[in-house]
Amino acid sequence: MFWVTPSEHAICFTDGERTLRLGDKGANGFGIPVRKLSLYTACTGVPPQMRLPVVLYCDTNNEEYHADPFYIGLRQKCGCGEKFEQLVDVFMNASKAKYGGENKLCTFNDDTQDTASAVFGGLLAAEPLSGKSISEQNFIFLGAGTAGTGIADLRETGKTVESRKQIKLADSRSLIAESRMESLQPHKLPYAHDAPEYPNLVETLDRIKTMALIGVCTIAKAFNEMGARK
């Protein structure tokens with residue numbers, strides 16, 4: 001995979017198992033790293049020949065693809081596990097040996113860092129409108145996946161545990177609360193506060209005053225007119 005050019009400016013890779021919010025796309029996930037690297041060229045001028053999209057492919061558990069005669073990948077269950085982790089190590093070590101790296105491995109997560117930077121920049125730009133700094137504001141996130149917690153984490157860098165209480169996250173069930181600690185994923189735990197589990201977005205906005213409602217969920221029509229006007 002390293003014959004393209006001796007100097008890649010950016011490599012974008014995926015295993016196709018959890019492609020953005022699209023789920024297990026298997027070999028069909030290859031379009032995502034191609035698309036993201038195309039943005040690097042369009043927005044920052046990175047030469048196309050210095051971008052390398054990669055899929056570390058280990059089959060798919062998507063039964064729909066197994067039955068699809070036009071599926072371009074293998075029709076067998078994904079055997080991802082220790083062997084796949086070894087494949088990732090081989091890939092990362094080979095990339096570093098070929099192209100070098102800053103510090104140990106110069107990588108970032110597009111979902112948790114790139115999206116977070118864009119949203120956080122918008123919040124900073126809005127500070128003069130409210131007359132208060134971001135650290136003084138309350139925020140509600142509709143969506144508590146890695147994109148939502150990534151934005152919250154960037155806002156909370158260097159802040160105290162107490163300041164996290166200004167961040168409220170809601171997932172498909174309800175507000176992230178201490179009463180749900182046992183069932184929460186690790187990235188949600190820092191934002192599990194002592195709070196009621198409000199049944200819907202409108203009631204949440206009635207009870208909690210916020211500077212901004214940030215939508216980072218994949219639920220269709222999660223925002224309605226009443227919720228937006230709140």
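The values are calculated or read from the model by the stated rules, or taken from the named source; none is laboratory data. The shown structure was predicted, so the numbers you read here are calculated from the model rather than taken from an experiment. Because the Cβ atoms are built from the backbone with ideal geometry, glycine has one as well, and the counts that use them run over all protein chains shown.
Overview of results
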| item | result |
| --- | --- |
| Residue, surrounded by the most Cβ atoms within 10 Å (Cβ to Cβ), within segment 65-82, restricted to residues that are charged (D, E, K, R) and modelled with pLDDT under 85 | 75 |
| From the options 44, 60, residue that is exposed (fewer than 11 other Cβ atoms within 10 Å of the Cβ) and within 23 Å of the chain's Cα centre (by Cα) | 44 |
| Residue within segment 99-107 that is hydroxyl-bearing (Ser, Thr, Tyr), over 18 Å from residue 218 (Cα atoms) and at pLDDT 80 or above present | no |
| Residue count for segment 182-199, restricted to those that are closer than 12 Å to residue 171 by Cβ and of a type in the set (Phe, Trp, Tyr) | 1 |
| Every residue from segment 40-94 that is of a type in the set (Phe, Trp, Tyr) and in a helix (DSSP H, G or I) | 40, 65, 84, 91 |
| Subset of segment 95-112 that is free of Cβ contacts under 8 Å to residues at least 40 places away in the same chain and in a helix (DSSP H, G or I) - its residue that is nearest to residue 145 (Cα to Cα) | 96 |
| Subset tally (residues that are at pLDDT below 80 and over 24 Å from residue 85 (Cα atoms)) for segment 18-43 | 1 |
| Filter result (free of Cβ contacts under 8 Å to residues at least 40 places away in the same chain and either surrounded by 19 or more Cβ atoms within 10 Å (Cβ to Cβ) or over 14 Å from residue 144 (Cβ atoms) (or both)) within segment 185-197 | 194, 196 |
